[in-house]
Every structure is written in structure tokens, then in C-alpha cells.
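Accompanying notes for the structure given below.
The values are calculated or read from the model by the stated rules, or taken from the named source; none is laboratory data. Please read these numbers as outputs of a predicted model, since none were measured by experiment. Cβ placement follows ideal geometry from the backbone for every residue including glycine, while neighbour counts extend to all protein chains displayed. Each accessible area value is taken on the protein alone, full model and side chains, heavy atoms only, with ligands, DNA and RNA left out. Shrake-Rupley method; radii C 1.70, N 1.55, O 1.52, S 1.80 Å.
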Amino acid sequence: MASTSQPITVRTLEPGDEPRWDAFVEATPNATFFHLSGWRKVIETAFKHRTYYMIAERGETITGVLPLTLVKTKLFGASLISNAFCVYGGPVGADTSSVQSLEAAAIQLMDELRVPVLEFRSMSAGRSHWANKDDLYVTFRKPLDGSVENNMKAIPRKQRAMVRKGIQNGLQSAIDDDTDRFYRVYSESVRNLGTPVFAKHYFKLLRTVFTKESDIITITNDGKPVASVMNFYFRDEVLPYYGGGTADARRLAANDFMYWEVMRRACERGFHLFDFGRSKVGTGAYNFKRYWGFEATPLVYQYRLAPGQKIPYLNPLNPKLRLFVELWKRLPLVLAERLGPSIVRGLG
């Protein structure tokens, strides 16, 4: 363990540092799955964005980490984000000085790159002088009981009835080894919401980089996929992250059954916390998660802005994007899958 009297140095992640970086993330309570070093390869390979993964050290001991991605496109401009394409991020450290050193290094990088926006996606506010976006996103996290039966009983009555409806409809769940069935379901679901979809190779890459930390659960009805979700596993948490259902999913209660299957399987494997992920306040996804008995916790995304800049507002709730959303819902699926990746890479 490094002495706090030693000076802190900040440098970028070098090849071979990954095991030490990830060991620090695993051992640091406020670090998340989205701080793991594997995201660097995923983002650089899938989206061709430059990343700046910063390490704070005292001597040879890591005392803090900060994953940063420069998201820069002609359509949406440039932002330096921790962590892009993820719901959580920001600097994490063993002490306040390490966090502050990482923040200072990020600000210096922002100025050197002449980027107008630096964004930290944290669970709580930590920078009183930064701009906040604290009224848009919430997260839903809840402990899992060690008993499958008790977890079923903990679901509110009306939502529990929907899960049982899925069971009565004869739905089946299975672990998929590849992303093919998942992608067909997920891309259709995202298109129907009016949102550009990621490329298939992005999900293949996630499964390759996070082989031990991820799986895909697909729900079928008479052998036909109707819902599917990619899940991440970190410490004692399960995070169903990318999920969706076909047009038949609502009628069959497939999404309800799917998330129960994620919960049931995670319980049986010994996981103790269910992270239902980020949602926008007032949306259908927000209400769906509340029906499960989860309490919303506001996420505080903080921004350092260059003079004259405003907080980016790149989400479907932006009134300026409403026409785009409605038009996207009408695109043929094959066209949405072709056009979506070039657009979504700029959203971060």
C-alpha cells in the first residue's frame, strides 16, 4: 500500500497495465463495470474513437483510474466522455487527492484537444462548480435475496402476474453462445423506438472482450425468439444492459419473463444485486422498472464546458429530434441496421 506522503503522478494506460488497472477497479467500491480496461478495446475497435485511459499512481501503486473517450463526429461535434457508450463513469480513486489529480489531468487534456465538453457520468455530484444534468436520468438498483422463491415474492403483485403470464404462455429461456438471435430481436426493438441501432460487430466484440463477464439470454415462443438481453456481471452484480422484444413480446409478456429469468439465473449463481440500468424519467422503460418494485436513484452527469457552450442534449426526448425519431420508426429494418451504426457512434 502506497503512503499518502508520496507524490501522485498521472499517466496513460500502457500495454500490460490492464491486469493492475482491473484489479484496482474490482477492489474499489465506487468503481463500476464500465471502468474496466476492456472498454478501451471495445470502443477503439467498434467506433474508431480515440481513448485516453488515465492512471493515478503513488510510486508503483495505482490509486485512481479514469477512462476517457473522445467522441468526435461531423454530425454531433466533439465531447470527452467518461465513459462513452456507458451509463457510469468518472474518476475513481483510493483517496480524494487521486481523484482530484485525475480531474485536473482530464481538464488539461480537454484544453489541449480544444474539446468543448468534458462529461463525467457519475452516480453522485462531486464538482460543485460544474454544470449538472441531474433531472433526466435515473438508475434502478436493488439487492437480490438468496432464494429464488423470495425474489419472486418480492415482485409487486401486478408485475408478478405478468411474469406468471409469460410462464403460462410456455415461454422458454436459453443462454445464447453468439449474438445472431439477440441482434435480430434487439435491432427490431430499437428501430421501433426510433433509435439508431449499433452494428452487429459491436455486440460480438463485447462478448469477445467480456466473455466471462457477459452472457445473452434469449426468450422463445414455440422456438421463435421474441425477446433477448445481453447481461454484464461485475463483482456480485448482474446488469441486464442491452435488451429488447419483438412485436409479439408485449402480448406474450416476454419482456417480463425475460427479466425474471435474468434475476432467477443470477440468484442461482450467487449474485446479490440487480442493476436494472439507466432510464429517462417519465418514459415507458422508467415506469416498467418501477412496476418491479425498484426505487429510482437520480444519476448526476456533470460537465465542464468551454466558454459559450451548453450541455449536449442528444436523446430522443429532445423536441428538436422528434421528427427524426418518428421517421426512423418507419424505416425498413434492413435500412435501419445499415444506417444506424454511422449515426450512433457520434452519440456516445
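Shape annotation for the chain: C-alpha extents along the principal axes are 63, 46, 35 Å, from largest to smallest.
Evaluate 2.2 N^0.38 Å with N set to the residue count of the range 1-106, then give the Cα radius of gyration divided by it. My calculation over the Cα atoms of the range 1-106 gives 1.05.
Full extension of the chain between Ala247 and Arg11 yields a length gain of 80.1 nm, computed as 0.36 nm times the residue separation minus the alpha carbon distance.
Rounded to the nearest 20, the size of the Cβ-charge dipole of the chain about its Cα centre is 1460 debye, with Lys and Arg at +1 and Asp and Glu at -1.
Picking from Ile8, Phe47, Thr96, whose Cα lies most toward the positive end of the charge dipole for the chain (charges on Cβ: Lys, Arg +1; Asp, Glu -1)? Most positive-ward Cα: Phe47. Taking every Cα-Cα distance in the range 31-167 and sorting them into 10 Å bins from zero, the calculated P(r) comes out as 10, 33, 27, 15, 13, 2 percent.
The calculated 222 nm mean residue ellipticity attributable to helices in the chain amounts to -11000 deg cm²/dmol, summing -39500 (n - 2.57) over DSSP H runs of n ≥ 4 and dividing by all residues.
With θ taken as phi - 60° and the Karplus curve 6.51 cos²θ - 1.76 cosθ + 1.60 applied, the whole-hertz 3J(HN,Hα) list for the range 265-270 is 5, 5, 4, 5, 8, x Hz, x standing for glycine and proline. Counting only alpha carbon atoms, the long axis of helix 18-27 and the longest principal axis of the chain meet at about 70°. Pairwise alpha-carbon distances in the range 194-327 exceed 19 Å for 62% of all pairs. Our estimate of slack between Glu60 and Val148, defined as 0.36 nm per intervening residue step minus the Cα-Cα distance, is 27.3 nm.
Accessible area per residue for the chain, computed on protein heavy atoms with a 1.4 Å probe, is 47 Å². Normalised by residue number, the volume inside the convex hull of the Cα atoms of the range 108-235 is 214 Å³ per residue. Per residue, the convex hull spanned by the alpha carbons of the range 265-348 comes to 190 Å³.
Here the chain exposes an accessible surface that is 52 percent carbon and sulfur, computed with a 1.4 Å probe and the other protein chains kept in place. Across the range 155-310, C-alpha contacts under 8 Å between residues 6 or more apart give a mean separation that, scaled by the residue count, equals a relative contact order of 25 percent.
Each residue of the range 216-226 was assigned a 3J(HN,Hα) from its phi angle through the Karplus curve 6.51 cos²θ - 1.76 cosθ + 1.60 (θ = phi - 60°); the sequence is 10, 10, 10, 9, 10, 10, 6, x, 9, x, 10 Hz, with glycine and proline shown as x.
Each peptide in 187-198, 10-21 receives the mean, over its residues, of other Cβ atoms within 10 Å, and ordering these scores from highest gives 187-198, 10-21. Separation of the alpha carbons by more than 31 angstrom is noted, of Lys204/Lys224; Lys133/Lys158; Lys280/Lys310, for Lys133/Lys158. If R0 is taken as 30 Å, the Cβ-Cβ distance between Val334 and Glu26 corresponds to a FRET efficiency of 0.15.
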